[in-house]
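The values are calculated or read from the model by the stated rules, or taken from the named source; none is laboratory data. Model, not experiment: these values are computed from the prediction. With ideal geometry, Cβ positions are generated from the backbone for all residues, glycine too; neighbour counts draw on all protein chains shown.
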Amino acid sequence: MIAAALAAVPAAALTAAAQEESYLLLSPGTPENGWRAALRPVALLSDSALVRPLLSGLPLRFHFELELWHDRFLFDGLVDQAAWSLILYQEPLTGEYNLTRSWELERDEWLPTLEAASRALERWYMAPIQGPDPNTGRYYYEARLEVEILSLGDLDELQHWLRGEVGEQEGDVGGAITRGFKRLFIRLIGLSARKYEARTELFRP
């Protein structure tokens with residue numbers, strides 16, 4: 001998977017695009033790092049509408065999508081794209097938080113408090129997209145982040161899918177209906193997905 005190349009990097013090593021009061025920061029990178037973009041989620045766990053279900057035992061999924069675009073006169077061209085996810089949930093017996101990254105499932109992280117979980121989540125992530133070649137025109141990055149509240153069944157199915165296992169047998173109509181009702185219930189009580197977007201300014205490599 002492309003996302004296997006992701007790595008957390010210090011915020012000081014990057015210059016973020018000006019995105020005031022944003023929950024998603026996006027940097028186009030620098031000439032020194034080959035114009036590789038980096039993303040950082042910000043203050044997501046300060047949203048009580050997300051913290052309440054998390055403390056009630058419902059997992060949160062943070063799904064990132066990143067695209068590199070070539071600025072052209074008529075129609076911009078998509079150069080490359082990548083997607084990856086983070087899963088955060090609270091273990092009810094210990095109260096600790098588990099953070100799993102889709103590119104390193106075997107290295108999940110246990111965190112003692114909500115504050116520690118927030119710090120682990122809100123890192124700069126170097127994108128698994130190579131920057132554009134020098135002197136080839138103007139470019140920009142676009143990023144999207146969707147935060148979704150999952151049921152425990154959704155979490156189990158997603159973990160199976162991330163490991164390349166089959167999530168459900170063909171013809172499992174009852175299971176599909178049950179999951180549909182769970183998602184409908186989550187939306188009815190006001191726990192719909194949060195969606196955020198960010199875009200860099202044009203840059204020339």
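Assorted remarks:
- Residue check for residue 101: under 18 Å from the mean Cα position of the chain (by Cα) and surrounded by fewer than 14 Cβ atoms within 10 Å (Cβ to Cβ): no
- Scope segment 32-79; condition closer than 30 Å to residue 92 by Cβ, under 18 Å from the mean Cα position of the chain (by Cα) and not in a helix (DSSP H, G or I); matching residues: 40, 41, 42, 43, 47, 58, 59, 60, 61, 62, 63, 64
- Residue 55 in contact with a Leu (Cβ under 6 Å, 6 or more places away or on another chain) and at pLDDT 90 or above: no
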